[in-house]
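Peer 1: Below you'll find the structure I mean.
The values are calculated or read from the model by the stated rules, or taken from the named source; none is laboratory data. This structure is a prediction, so every number in the text was calculated from the model and none was measured. In this analysis, Cβ positions are derived from the backbone assuming ideal geometry, glycine residues included, and neighbour counts consider all displayed protein chains.
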Amino acid sequence: MSLYELAILGSPSGAELEALTETLRGMVDDFGLTLGADVLIHNGTTVSGRDKRAAFSAVYFGAQALTDLEVTRELVRESAPVIPTVAVDGDFASQVPDFLQPSNGLRRRADDPAMAELAAALLECVGLLRRQRRVFVSYRRVESRTAALQLHDLLSARGFDVFLDTHDIRPGDPFQDVLWHRLVDSDVMVMLDTPGYFDSRWTRQEIGRARAKDIQVLRVIWPEHMPSKLTDMSETVYLDPVELAGADGPIAEVVAEAIVLRVEQLRSRSIASRFMSITGKLRADVEKIGAIVEGVGAHRAVAVRLLGDLKVWAYPIVGVPTAEVLNDIAEKARRAGQGEVPVLIYDHVGIRDTWSAHLKWLDEQIRAVRAIKVSEAGWALAAWEG
């Protein structure tokens, strides 16, 4: 039984179909899922037979000749998410069916032949990637401020929520508490690796804590700078002297755009890595108390069989839990007909104390979902009463 189902509709070229399929294959592989088994891709002929219990999303490739109209119209009637897309020079008004016009479309980029942005949007719709798109920029102000501001603006324009210390901490807020809170809620860290990066204890802490939380790092290395071996495992972009207008930036536009695209490509790997880390900790704690993990179901829900034959569906989540996340899990559990109260599992390390108090209050007031810190999973589940 598939966990996720996608559809590629409309008029993609053979090359476009192959490129998108291969990009999706790489992204779902990051989660330990297999295309064709755990994740199915339909076309206009097979989509009507999709499993309506599985999380689903579709993309419609617009063209002058409109195809797959009836099956696409039926998906819209069923409120299934369908993303209309056109080429970089395409026209939404003439190349997308009128009933898809109200949907937010995506214009494919010339510098993204693998269609990583479109693949990510599809996986966000099915819940494999979270809808929040968060990036943390780590840099030394005295060495790379202009480049940091440039990347902040470029990433923001691409729909990312970007943390930059000079922009995103309100007056009066505890600086370091907010910074760590935003770090643990980020998908990717962009590290501007300048000669003095490791001279600052703050940037040393940022890169260390990002790695401790399994957050993927994109390292942008300044020209003629010998990077530290501590970050050798990071994805890397080397800057040539001609690609930097001044000592602290800005970066040449084409290179800066390529950095943004690399961030998009790293998101799935980062989220998958963090999800696997939380799931691994949950499994270890469950086995300590004599319970077992029976498997992973739809929406990445983990089936846990406790002593006394009580079954719990645990939903590990990446980043900072919110009321919206609690509601989303309650809805997924309801649609899956699980019966039992679902359990949200999260890593509390780095989350602000005020937010933790808020989560505790939510857990006390909202009984449709329970929230458990992964570090306390065994302790809590050992006394679980359902």
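Peer 1: Among the candidates S186, S234, which residue alone is within 26 Å of H348 (Cβ to Cβ) and modelled with pLDDT of 90 or more?
Peer 2: S186
Peer 1: While we're on this one: Out of the residues in the stretch 249-283 that are on the phi < 0 side of the Ramachandran plot and not in a helix (DSSP H, G or I), which is surrounded by the most Cβ atoms within 10 Å (Cβ to Cβ)?
Peer 2: I251
Peer 1: Is one or more of the residues making up the stretch 306-319 of a type in the set (D, E) and outside any loop (DSSP other than H, G, I, E, B)?
Peer 2: no
Peer 1: Can you tell me how many residues within the stretch 1-16 are at pLDDT 95 or above and either crowded, with 16+ Cβ neighbours inside 10 Å or not assigned by TED's automatic domain parsing to the domain that holds R107 (or both)?
Peer 2: Residues flagged as at pLDDT 95 or above and either crowded, with 16+ Cβ neighbours inside 10 Å or not assigned by TED's automatic domain parsing to the domain that holds R107 (or both) within the stretch 1-16 amount to 8.
Peer 1: Here is a list of conditions, (1) touching a residue at least 12 places away in the same chain (Cβ under 8 Å); (2) not in a helix (DSSP H, G or I), and E16 meets all of them except one; can you say which number that is?
Peer 2: Just one mismatch for E16, condition (2).
Peer 1: To continue, here is another question. Output the residues belonging to the stretch 192-217 that are crowded, with 20+ Cβ neighbours inside 10 Å, within 22 Å of V255 (Cα to Cα) and not charged (D, E, K, R).
Peer 2: L192, T194, Y197, Q216, V217
Peer 1: State which residue is surrounded by the most Cβ atoms within 10 Å (Cβ to Cβ) when the search covers only the stretch 99-157 and only residues that are within 20 Å of Q265 (Cα to Cα) and of a type in the set (S, T, Y).
Peer 2: S138
Peer 1: Collect the residues in the stretch 342-371 that are touching a strand residue (DSSP E or B) at 6+ places or on another chain (Cβ under 6 Å) and over 22 Å from R131 (Cα atoms), keeping them in residue-number order.
Peer 2: Across the stretch 342-371, the qualifying residue is only D363.
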